[in-house]
């Protein structure tokens, strides 16, 4: 066959993903904190964007006349077509050039670092030392000390040498909020260029600080330090601490043999162990936990229907400054200036549309989830229905990948608590006699309820017995599935539960 060159014309259809479409897809899966950081970065970079601070009406999904139905938007968003093509492998739906975390800079990050360190930057106060102008001064003085600050105060009066103080400072910095030392002392000795025995000697001094058990490297050492503090550490107690795994299994016969004590002495030793704290640093002040802010609110209307609305507090509201755009457009003279103004205007418009489209998509998906899981909202977890992404996607006319992105890192506030949207997607367990399938979450709840109802040794159910009870209630489940759910709930076996009931009786 001869080889040659020729020209051919071919016509085809394909989707070309632009940076703006990548941005829109990225916005779908961002949490409210990540979205706020991303918008802040765009506001700093784009002069045509400005934040809208006025009041806003929450987007709502009005209920239908039918019981439990939620009216859903019927428009098919163009973003779904992008997700469809991304799922089929025609494009990469994850933009590499957008990193909200890297762009989140400014005074907020510096203030967070100052707060975490427990120090006051006096250069930020008005007048170089005017207490009245610093709003955080009173709070900094009134808050309780952290564990690191408490240990540092004791170090100041410990009477150590300058070299020992340096090593002690490094070790204190390596203590976590529970009071455990999270550093290898051999690595610390190598990094500081000192002998291992010298570091161990400093660590011994620090382990004598309050609270008792602090600076321990594991649970056994933590409990041993607390027992030594009350002069209750002896060879029998040491043997008990060396076999904490047997104590967790309630194997008292083996513990009696290893410790060389009788039943009464062993009970007293176990009671002393239970009176200790495995987290000596938990009583000290730490950074306040971040409050979980839901993206969607669900409430029951007087007519018995469910009302779904977006949480406007989590929605950054930006708009394009048309007046400023008209002014700078007239003042642009060079091609570079005109290109910058044009690109900024197009990016600003696209961001505003993307944020609006994101809000509508979240509302649409949340409304369908509420419609599917109205039994859970009304009666509890036992009425949680099996649900997957495809069911929701087919009902609202979207692709599964779009639903998956929307439900990532999004939370919904219901009368039964705040849940992640992915919580409502559970696998199905077949029912006996061809009935309606049961949700895996509801089955786990039933297993937990059966175990919590056990009061005596005769009430303890084996995994086989739990299978029989569930089958009588219409759940067709295998024994290995019951064992898997029981282990996931951290419920011990029937033998261990009988032993625990016998000990506590």
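Test residue 370 against the stated conditions and say whether it is in contact with a strand residue (DSSP E or B) (Cβ under 8 Å, 6 or more places away or on another chain), closer than 21 Å to residue 29 by Cβ and surrounded by fewer than 16 Cβ atoms within 10 Å (Cβ to Cβ). Taking the combined requirement at face value, the residue does not satisfy it. Just one residue in the set 341, 270, 298, 308 is in a helix (DSSP H, G or I), surrounded by 14 or more Cβ atoms within 10 Å (Cβ to Cβ) and assigned by TED's automatic domain parsing to the domain that holds residue 368; that residue is 341. Here 212, 195 are screened, and the one residue that is closer than 17 Å to residue 280 by Cα and modelled with pLDDT of 90 or more is 212. When the stretch 317-338 is filtered for residues that are free of Cβ contacts under 8 Å to residues at least 12 places away in the same chain and part of a helix (DSSP H, G or I), the ones remaining, listed by number, are 322, 323, 326, 327, 330, 331, 335, 336, 337, 338.
Could you tell me whether residue 351 is surrounded by 18 or more Cβ atoms within 10 Å (Cβ to Cβ) and within 22 Å of residue 43 (Cα to Cα)? In short, yes.
Selection of the stretch 389-425 for residues being without any contact (Cβ under 8 Å) to a residue 24 or more places away in the chain, out of contact with any strand residue (DSSP E or B) (no Cβ under 8 Å at 6 or more places or on another chain) and closer than 19 Å to residue 378 by Cβ yields 417, 423. Remark: residue 158 matches the filter, which requires a residue to be part of a loop (DSSP other than H, G, I, E, B) and surrounded by 12 or more Cβ atoms within 10 Å (Cβ to Cβ).
Restricting to the stretch 184-211, and then to whatever is under 33 Å from the mean Cα position of the chain (by Cα) and surrounded by 16 or more Cβ atoms within 10 Å (Cβ to Cβ), can you tell me which residue is nearest to residue 279 (Cα to Cα)? Restricting to residues being under 33 Å from the mean Cα position of the chain (by Cα) and surrounded by 16 or more Cβ atoms within 10 Å (Cβ to Cβ), the top hit is 211. For residue 39, which of the numbered conditions (1) loosely packed, with under 12 Cβ neighbours inside 10 Å; (2) assigned by TED's automatic domain parsing to the domain that holds residue 345 fails to hold? Only one criterion is unmet by residue 39, namely (1).
Here the condition is being at pLDDT below 90, farther than 20 Å from residue 314 by Cα and either assigned by TED's automatic domain parsing to the domain that holds residue 30 or not in a helix (DSSP H, G or I) (or both); of 378, 395, it holds for 378 alone.
For the stretch 402-418, a residue qualifies if it is buried (at least 17 other Cβ atoms within 10 Å of the Cβ), assigned to a strand (DSSP E or B) and within 17 Å of the chain's Cα centre (by Cα), and the qualifying residues are 411, 412, 413. Of the candidates 428, 441, the single residue that is surrounded by 12 or more Cβ atoms within 10 Å (Cβ to Cβ), under 30 Å from residue 402 (Cα atoms), under 29 Å from the mean Cα position of the chain (by Cα) and in contact (Cβ under 8 Å) with a residue 60 or more places away in the chain is 441. Of all residues in the stretch 235-256 being more than 35 Å from the chain's Cα centre (by Cα) and modelled with pLDDT under 90, which is surrounded by the most Cβ atoms within 10 Å (Cβ to Cβ)? So the residue we want is 255.
The values are calculated or read from the model by the stated rules, or taken from the named source; none is laboratory data. What you see is a predicted model; the values in this text were computed from it and never measured. Heads up, the Cβs are rebuilt from the backbone with ideal geometry, glycines too, and the neighbour counts pull from every protein chain shown.
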